[in-house]
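What follows is a single structure, written as structure tokens, with notes after it.
Values quoted throughout were computed directly from the atomic coordinates according to the rules given, and no laboratory measurement underlies them. Please read these numbers as outputs of a predicted model, since none were measured by experiment. Neighbour counts run over all protein chains shown; Cβ positions are idealised from the backbone, glycine included.
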Amino acid sequence: MEQFARIKRELACKGSIIDFYKDTISINNYKEVAFDFINHKGASAMLAIDKDGNILMVRQYRNAIDSYTLELPAGGLNPGEDNLTCAIRECSEETGYIPNNVKHLIDIHTTVAFSNELIKVYYSNDLTPSKQNLDEDEFVDVKKYSLEELVSMIYSGKITDAKTIAALLAYKTKME
């Protein structure tokens, strides 16, 4: 079995959400290879179900894919913030509903080939109406769909966001 050891990690670019590194890895103390590595601060998401059984989704523009997406409310951890607090905060800010009696659903490493990003996903069917409190760079439309509609959108290619797909399918399985 191969032995991998990191020899060097050099910061190539520091960003507001991620830091990009160039890693040098030794394989079997014989060969050195270069890997890209993106360090992420961590994130959380919330699968929020309203009193009618509909799931709250956010439609927003995503620059990386130059398109609009339909996703679960989610966002990055603030300094010193735990994942559960982050998930509740993001849901409240983006949807205008505060989730109560929150339960953990699933953890997702989004892109293991080059990033350590881990998103912890929670769910709640006990929501208290509040009001949206969006960041200045957020433009979010809140939509409500049944689980069946959302699963259909996954298989028709209308939902392509990995965390959303994993969470919806995990929730579907959990509820069966």
Quick one: net charge around Glu149, please, counting Lys, Arg +1 and Asp, Glu -1 for every other residue with C-beta under 11 Å from its C-beta. +2
Taking the Cα atoms of segment 41-175, report the difference between the largest and smallest coordinate on each principal axis, in whole Å and largest first. 39, 36, 29
How do Asp36, Asp137 line up, fewest other C-beta atoms within 10 Å first? Asp137, Asp36
Would you order His109, His40 from fewest to most other beta-carbon atoms within 10 Å of each residue's own beta-carbon? His109, His40
Euclidean distance between Cα centres, segment 98-113 to segment 136-176, Å: 13 Å
Environment charge of Asp82, counting only residues whose C-beta is closer than 11 Å and scoring Lys/Arg +1, Asp/Glu -1: +1
Relative exposure of Cys86, Cys91, judged by other C-beta atoms within 10 Å (fewest first): Cys86, Cys91
